[in-house]
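Data first, discussion second: the structure below is written as structure tokens.
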């Protein structure tokens, strides 16, 4: 199998679709969320939490992150918790398994953070009706979306 670490997105979600994903979601499972405040995953999740999203940490080595119970994997999150976005902070080689679990959980979107691309997994998610964002920072996109919304209101 080819190394996925240098892959570029063959197709990606438009800014308009990203805006819709961010507007509709309230609950985000963050796979690979670190409990270390100096890590990007922690900073992004903390930002999203401050902006009204419920964060569900997925990290097999942590019990709690950002005041929320951490789960070892997506399947361990209680079934009554609706996961709208699965935000991935894992190496591309781990993305297919996360996408499979996201589909199984009924997530509406899979978001691969900046530097993370896996076209085959993205195709599988899209075929299952799951929106896919690759190689984009959710914090940056949310800030852009907020700024665009405030400009529309003025």
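The values are calculated or read from the model by the stated rules, or taken from the named source; none is laboratory data. As the structure is a prediction and not an experimental result, all values here were calculated from the model. We place every Cβ from the backbone using ideal geometry, glycine too, and count neighbours over all the protein chains shown.
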note = If we keep only residues of segment 76-98 that are touching a helix residue (DSSP H, G or I) at 6+ places or on another chain (Cβ under 6 Å) and not in a strand (DSSP E or B), then the residue nearest to residue 32 (Cα to Cα) is 89
request  = Scan 101, 143, 122 and give me the residue that is part of a helix (DSSP H, G or I) and touching a strand residue (DSSP E or B) at 6+ places or on another chain (Cβ under 6 Å).
outcome  = 122
query = Inside segment 40-58, can you point out the residues that are touching a residue at least 24 places away in the same chain (Cβ under 8 Å) and more than 14 Å from the chain's Cα centre (by Cα)?
reply = 51, 52
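Residue-by-condition table, conditions (1) at pLDDT below 95; (2) assigned to a helix (DSSP H, G or I):
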site	(1), (2)
1	yes, no
6	yes, no
17	yes, yes
20	yes, yes
35	no, no
38	no, no
43	no, yes
46	no, yes
query = Within segment 74-101, how many residues turn out to be within 20 Å of residue 25 (Cβ to Cβ), surrounded by fewer than 16 Cβ atoms within 10 Å (Cβ to Cβ) and within 15 Å of the chain's Cα centre (by Cα)?
reply = 1
key: Test for residue 107: is it touching a residue at least 24 places away in the same chain (Cβ under 8 Å) and either exposed (fewer than 13 other Cβ atoms within 10 Å of the Cβ) or over 12 Å from residue 31 (Cβ atoms) (or both)   = no
request  = Report, by residue number, each residue of segment 121-138 that is farther than 13 Å from residue 88 by Cα and either touching a residue at least 60 places away in the same chain (Cβ under 8 Å) or under 14 Å from the mean Cα position of the chain (by Cα) (or both).
outcome  = 125, 130, 131
remark   = Selection from segment 23-39 of residues over 13 Å from residue 109 (Cβ atoms) and over 13 Å from the mean Cα position of the chain (by Cα) yields 34, 35, 36, 37, 38, 39
